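Structure record follows, encoded as structure tokens.
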Amino acid sequence: MSAPSPSPAKKAAPRPALAKRPAWDVPVRILTASFGGYALTAAATALLARMLPGSPLEAAMAATVMSFALFTGAVVWTFGAGKALVVAGWIWGLALATGGLAWLSMQGGWPS
């Protein structure tokens, strides 16, 4: 007696073609997430420490605790966004804006 012949294998559904990304897409995201996220977090932490109410120590501690969530959000946003250059522009632009406001607050141009 011969072995039963195997049933014809079902063909897997074709996979959708992955979108082609430029070669610089991943390096831009890595640099933006690490350095841009750090710059944004450092500037925002300095600005928040100056703006939060309470003693300077409490404000600095609260701003530092918030910085962990901010950095994580910046990294997730960088790798989750559709276009690397758009999110890089936003991250670096926000870092420059918050850095400028933090610098302005340290120069006495911002009411504390």
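Going by the structure shown, is P56 modelled with pLDDT under 95 and open to solvent by 100 Å² or more (accessible area, probe 1.4 Å)? Show your work before the answer.
Values: modelled with pLDDT under 95: yes; open to solvent by 100 Å² or more (accessible area, probe 1.4 Å): yes.
So P56 passes the test.
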Check: When both residues are 6+ apart or on different chains and their Cβ atoms are under 6 Å apart, which pairs have a first residue that lies in the stretch 61-74 and is of a type outside the set (A, V, I, L, M, F, W, C), and a second that is open to solvent by less than 80 Å² (accessible area, probe 1.4 Å)?
Finding: S67/T41; S67/T45
Notebook entry, point to check: Does any residue in the stretch 22-35 that is closer than 14 Å to G80 by Cα come within less than 7 Å, Cβ to Cβ, of a residue that is surrounded by 12 or more Cβ atoms within 10 Å (Cβ to Cβ) and polar (S, T, N, Q) six or more places away or on a different chain, and which pairs are these?
Noted result: R29/T78; T32/T78; A33/T78
Check: Looking at the stretch 83-112, which of the residues that are open to solvent by 60 Å² or more (accessible area, probe 1.4 Å) and within 30 Å of A23 (Cβ to Cβ) is farthest from the chain's Cα centre (by Cα)?
Finding: L96
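Taking T41, is it among the hydroxyl-bearing types (S, T, Y), touching a residue at least 40 places away in the same chain (Cβ under 8 Å) and buried (at least 19 other Cβ atoms within 10 Å of the Cβ)?
no
The values are calculated or read from the model by the stated rules, or taken from the named source; none is laboratory data. For clarity, every value in this text was computed on a predicted model and none was experimentally measured. Note: ideal-geometry Cβ built from the backbone for every residue, glycine included; neighbour counts use all protein chains shown. For the accessible areas, the whole protein counts, side chains as well, though only heavy atoms, and no ligand, DNA or RNA atoms are used. Shrake-Rupley method; radii C 1.70, N 1.55, O 1.52, S 1.80 Å.
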